[in-house]
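Structure, as structure tokens:
Taken together, the values in this text are just the output of simple stated rules run on the coordinates, not laboratory data. The structure displayed is predicted, hence computed values, not measured ones. Cβ placement follows ideal geometry from the backbone for every residue including glycine, while neighbour counts extend to all protein chains displayed.
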Amino acid sequence: MDFIKETKNRVCELMYQQNAVRVNVVDSFTLKGDIKSPLWFNVGVLENDFGTRSSIASALHILLTHNHDFDAVAGVVSGGISWASNIANSRALPLIRVHSEPKKFGLFNQIEGELSEDGTRVLIVDDAITSGINALKVVEALRKGENGKRAEVVALCTIFDWDFPAVNEKFISVGVKKYSLVKFQEVIDYGFEYGFLSEDVRPAIEAFCQQYR
């Protein structure tokens with residue numbers, strides 16, 4: 001097994017072990033865009049346990065080792081902050097926080113923190129991508145220079161990606177490369193292979209995939 005595959009399998013294993021993957025084929029979960037799904041991925045729980053958090057952080061470093069260079073890290077509020085902080089700390093880089101919308105109080109900022117100059121290469125970090133709406137708003141804010149400096153967005157990095165084709169097309173259209181530790185199908189395949197998902201839920205998952213994927 002190659003190193004990348006081993007890393008992906010470890011992330012999938014941690015997601016199941018930490019109960020980040022929920023299944024309900026009777027009362028479907030509602031995703032953004034009013035999509036009904038038999039699955040829910042609660043990626044936020046991966047921050048709770050120190051060992052899990054450390055393993056995910058290490059996997060993110062592996063993911064980024066051979067990908068884009070960047071001069072600053074932008075964490076999407078709120079899911080991307082802790083992971084963005086870890087990446088920025090490991091590389092001794094500036095860290096900014098970006099909201100999907102300007103705040104409605106205080107200084108009404110959308111971006112917290114400032115870049116050193118126009119054209120700073122920024123990596124956006126979030127925990128998961130579903131509809132991509134929030135991340136795309138962050139891309140737009142950084143490129144416009146809502147904090148005074150216009151950024152060059154080099155990529156978006158996430159732990160988990162629902163990997164909807166329509167969402168992928170949106171990111172392609174704005175010229176932003178997405179990187180993720182694991183994608184929807186990888187987590188599902190791992191679950192069935194190693195017994196985390198029972199065969200009686202397969203029909204509901206396959207029906208969901210046929211409709212939306």
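What the table below lists for this structure:
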item: Some residue of the stretch 60-69 being polar (S, T, N, Q), free of Cβ contacts under 8 Å to residues at least 24 places away in the same chain, within 18 Å of residue 142 (Cβ to Cβ) and in a helix (DSSP H, G or I); result: no
item: Residue tally, condition among the aliphatic types (A, V, I, L, M) and touching a Gly at 6+ places or on another chain (Cβ under 8 Å), over the stretch 89-114; result: 3
item: Test: residue in the stretch 82-90 that is under 18 Å from the mean Cα position of the chain (by Cα), free of Cβ contacts under 8 Å to residues at least 24 places away in the same chain and in a loop (DSSP other than H, G, I, E, B); result: no
item: Top-ranked residue in the stretch 126-152 [being part of a strand (DSSP E or B), free of Cβ contacts under 8 Å to residues at least 60 places away in the same chain and within 16 Å of the chain's Cα centre (by Cα); ranked as nearest to residue 46 (Cα to Cα)]; result: 126
item: Single unsatisfied condition, residue 22 versus (1) over 17 Å from the mean Cα position of the chain (by Cα); (2) farther than 24 Å from residue 194 by Cα; result: (2)
item: Qualifying residue in the stretch 171-181 (condition: outside any strand (DSSP E or B), out of contact with any Phe, Trp or Tyr (no Cβ under 6 Å at 6 or more places or on another chain), more than 26 Å from residue 117 (Cβ to Cβ) and in contact (Cβ under 8 Å) with a residue 40 or more places away in the chain); result: no
item: Which numbered condition residue 9 misses (of (1) within 23 Å of residue 134 (Cα to Cα); (2) in contact (Cβ under 8 Å) with a residue 60 or more places away in the chain); result: (1)
